[in-house]
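Written out below as structure tokens is the structure these notes cover.
The values are calculated or read from the model by the stated rules, or taken from the named source; none is laboratory data. Computed from a prediction, not measured in an experiment: that's the story for all the values here. Glycine also receives a Cβ, built like all others from the backbone with ideal geometry; neighbour counts cover every protein chain displayed.
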Amino acid sequence: MGLLGFIFGAKKRQVERYIKNGAIVLDVRTQREWDKGHIENSVHIPLNELNARVKEVKNLNKPIIACCESGVRSAKAAKYLNLNNIDAINGGGWVSVQYKL
């Protein structure tokens with residue numbers, strides 16, 4: 001297994017572990033992006049609204065797998081959630097997360 005296979009395999013195992021622990025997928029893309037397609041049963045809170053809606057995420061009382069289009073915004077979201085004592089990981093792009101599910 002090459003380096004990329006190792007890295008992406010680790011991410012897949014992390015997502016799988018979170019799902020087994022009852023994690024919720026949090027999509028932080030814009031409304032327009034969400035409307036074009038999203039993961040069934042995921043929660044949608046655009047990144048620019050996350051600060052104002054962090055209490056909603058806390059009230060879910062579940063681990064979070066953040067996703068977006070490419071993984072950049074979801075990385076920011078996961079870091080912000082972690083800083084607010086919410087167990088969250090960056091799942092990366094939503095299509096990739098959907099494939100891992």
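Here 90, 82 are screened, and the one residue that is polar (S, T, N, Q) and assigned to a strand (DSSP E or B) is 90. If you go through the range 49-101 and keep only what is closer than 19 Å to residue 14 by Cα, of a type in the set (Gly, Ala, Ser) and either without any contact (Cβ under 8 Å) to a residue 60 or more places away in the chain or in contact with a Gly (Cβ under 9 Å, 6 or more places away or on another chain) (or both), you end up with 66, 70, 71, 74, 75, 77, 78, 91, 92, 93, 96. Of all residues in the range 27-49, those satisfying the criterion of being in a helix (DSSP H, G or I) and surrounded by fewer than 12 Cβ atoms within 10 Å (Cβ to Cβ) are 31, 32, 35, 36, 48. Exactly one residue out of 77, 52, 66 is buried (at least 18 other Cβ atoms within 10 Å of the Cβ), part of a helix (DSSP H, G or I) and of a type in the set (A, V, I, L, M, F, W, C): that is 77. Can you find even one residue in the range 39-48 that is touching a residue at least 24 places away in the same chain (Cβ under 8 Å) and of a type in the set (Gly, Ala, Ser)? Checked against the condition, which is being touching a residue at least 24 places away in the same chain (Cβ under 8 Å) and of a type in the set (Gly, Ala, Ser), the range 39-48 yields at least one hit. As a summary of the residue check, residue 12 satisfies the conditions (1) in a loop (DSSP other than H, G, I, E, B); (2) at pLDDT below 95 except for the one numbered (1).
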